[in-house]
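Enquirer: Let me give you the structure first, and then I'll get to my questions.
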Ligand SMILES: *Cc1c(COP(=O)(O)O)cnc(C)c1O
């Protein structure tokens, strides 16, 4: 066997072993960062080692420090697992080693993105013909969309930011909800808009922006304005009211961006589609494929209604590039990059429209099952209306809530992650894995009961 064949065979066995063992390993890692560093931090090797041995040793050394995210009982943050079709296509994506920046460099990757992009717009109920940029995740999707927004609102004010930069430009107001994701602030900072340009609008008890307060904020000033709305708040899972807010924004000639990292997927199921009513009237939308769609990292989507606003920011005309129609690199900040369209195309083909619908409905059903199981536990509270995939819990005073979370991690059955909501310590439970079964939720509820009574 040559070195390549041996290494790939070993990697395949190790991958199978990891996946087969997911159900039985502790969900939270046995080893901490320091332990992992101790295991890996050897001097740089002087001499070669066969690839097969390297792969085998790596898998053995890191195993205790891996989080069982692709399993059925990781409910931390908002992290999807890996659907088999997406994972298998992702293996091939690495094998094919395509550079997805230019259509001429990989006609296959570019075409896969064009088709996947079209299907995504259809599933998410967004305007056909929008630009779809395949980026690393929600952060870069927000950044990319807001780059187009910045360009557009300044152009409308007679300022070409691509040519003149920001020095001397009219100030841009960035209006955000109290509970927008931190990546919105970070994107604004990266775009040179500065955190001072952010105007924060109060939200209701479910974290939804208040339309009356939004109108008041918009009326309180003028000039180039970007409004960032949210589909899916990470604690409550709830959605800003788009039918009420977008018409208000329109009266002010502002750009509307929607951060829907996981929530935009509510459109795929008739049971939750109403939460997104009116969202298609926005100008740009950010979402993730590595959350609700269960594609491996890293995979986000920057969607912008008007392609000209994307071209104005990311367009390139270098002589050595072979100009082709719609080069993917003109839709994202990157040049060379991974062919992220293949795993997305694969999972959409494998599930089909009905499969994505069923996936989204199932995640919601498991979240409801979780909430209904937690609420009756003595001392436990579910703090949100569970409208989508997030369950927000507390287990008494702050110290008790934190202790229950710690005991749950130590127990290893499942993972919730801590946060603060309305000034109170909470444990967040996000149902985002295609692999989560009814039994996984039942096992988790048993573990939560154990953690509460300990
Ligand atoms: C996860 C998330 C992000 C950031 O996405 P990444 O994929 O981590 O870059 C942004 N907004 C919301 C609402 C999210 O849930």
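No value in this document is a laboratory result; all are computed from the given coordinates. Treat the numbers as computed from the prediction; the structure is a model and nothing was measured. Every residue, glycine as well, gets a Cβ built from its backbone with ideal geometry; the counts of neighbours run over all protein chains shown.
Enquirer: Please rank 307, 291, fewest neighbouring Cβ atoms within 10 Å first, as an exposure proxy. Please report the intermediate quantities before stating the final value.
Expert: Values: 307 15, 291 27.
Fewest-to-most ranking of 307, 291: 307, 291.
Enquirer: Where does the chain land at 222 nm, in deg cm²/dmol rounded to the nearest 500, when only DSSP H runs of n ≥ 4 count, each adding -39500 (n - 2.57), divided by all residues?
Expert: On the way: 14 runs with 193 residues, N = 454.
Rounded to the nearest 500, it is -13500 deg cm²/dmol.
Enquirer: Going by a ≥ b ≥ c, the root eigenvalues of the Cα gyration tensor, does region 282-370 fall in the rounded group (a/c under 1.5), the prolate group (a/b larger than b/c) or the oblate group? Don't jump to the answer; show the numbers that get you there.
Expert: Numbers: a/c = 2.89, a/b = 2.15, b/c = 1.34.
Because a/c hits 1.5 or more and a/b exceeds b/c, region 282-370 counts as prolate.
Enquirer: In nm, give the distance between the simple-model label positions of residue 115 and residue 335, each being 7 Å from the Cα along the Cα-to-Cβ direction.
Expert: It works out to 3.0 nm between the two label points.
Enquirer: Quickly rank 328-341, 48-61 as a protection proxy: mean count of other C-beta atoms within 10 Å, highest first. Mind dumping the intermediate values first?
Expert: Working: 328-341: 21.1, 48-61: 13.7.
Going by the mean number of other Cβ atoms within 10 Å, highest first, we get 328-341, 48-61.
Enquirer: In Å, what Kirkwood hydrodynamic radius results for region 358-417 from the alpha-carbon pair distances? If you can, show how the numbers build up before the last one.
Expert: On the way: mean 1/r = 0.0815 Å⁻¹.
Hydrodynamic radius (Kirkwood, Cα pairs) of region 358-417 is 12.3 Å.
Enquirer: Pull up the DSSP beta bridges for the chain and report the antiparallel fraction as a percent, rounded to 5.
Expert: Working: 23 of 40 bridges.
Among the beta bridges of the chain, antiparallel pairing accounts for roughly 60 percent.
Enquirer: If contacts are Cα pairs under 8 angstrom and at least 6 residues apart, what is the relative contact order of region 144-225 in percent?
Expert: Details: 91 pairs, mean separation 27.6, N = 82.
Relative contact order for region 144-225 comes out at 34 percent.
Enquirer: Moving on to the next point. Before anything else, pin down the relative contact order of the chain: Cα pairs under 8 Å, at least 6 apart, normalised by residue count, whole percent.
Expert: Details: 888 pairs, mean separation 102.1, N = 454.
It rounds to 22 percent for the chain.
Enquirer: To continue, here is another question. Classify region 385-454: rounded, prolate or oblate, from the alpha-carbon gyration tensor (a ≥ b ≥ c, eigenvalue square roots; a/c under 1.5 rounded; otherwise prolate if a/b is larger than b/c)? If you can, show how the numbers build up before the last one.
Expert: Details: a/c = 2.11, a/b = 1.19, b/c = 1.77.
Because a/c hits 1.5 or more and a/b fails to exceed b/c, region 385-454 counts as oblate.
Enquirer: Next up: Normalized C-alpha radius of gyration of region 313-454, against 2.2 N^0.38 Å? Write out the running numbers ahead of the final one.
Expert: Details: Rg = 21.5 Å, N = 142, 2.2 N^0.38 = 14.5 Å.
Ratio of Rg to 2.2 N^0.38 Å for region 313-454: 1.48.
Enquirer: Could you list 160, 64 in order of exposure, starting from the residue whose Cβ has the fewest other Cβ atoms within 10 Å?
Expert: Values: 160 12, 64 15.
Arranged by neighbour count, lowest to highest, 160, 64 become 160, 64.
Enquirer: Could I ask something else about it? From Cα pairs below 8 angstrom and at least 6 apart in sequence, can you work out the relative contact order of region 316-454, rounded to a whole percent?
Expert: Rounded, it is 21 percent for region 316-454.
Enquirer: Pull out a ≥ b ≥ c, the square roots of the eigenvalues of the alpha-carbon gyration tensor of the chain, then state rounded if a/c is under 1.5, prolate if not and a/b is larger than b/c, and oblate in the remaining case. Working shown, then result.
Expert: Values: a/c = 1.77, a/b = 1.13, b/c = 1.57.
Note, shape of the chain comes out oblate.
Enquirer: Beyond 16 Å, what share of the Cα-Cα pairs of region 232-328 is found? Please give it as a whole percent. Can you show the working numbers first?
Expert: Numbers: 3016 of 4656 pairs.
Above the 16 Å cut-off, region 232-328 has 65 percent of its Cα pairs.
Enquirer: Based on other C-beta atoms within 10 Å, arrange 442, 163 from fewest to most. Please list the in-between numbers first.
Expert: On the way: 442 13, 163 6.
So the residues, fewest neighbours to most, are 163, 442.
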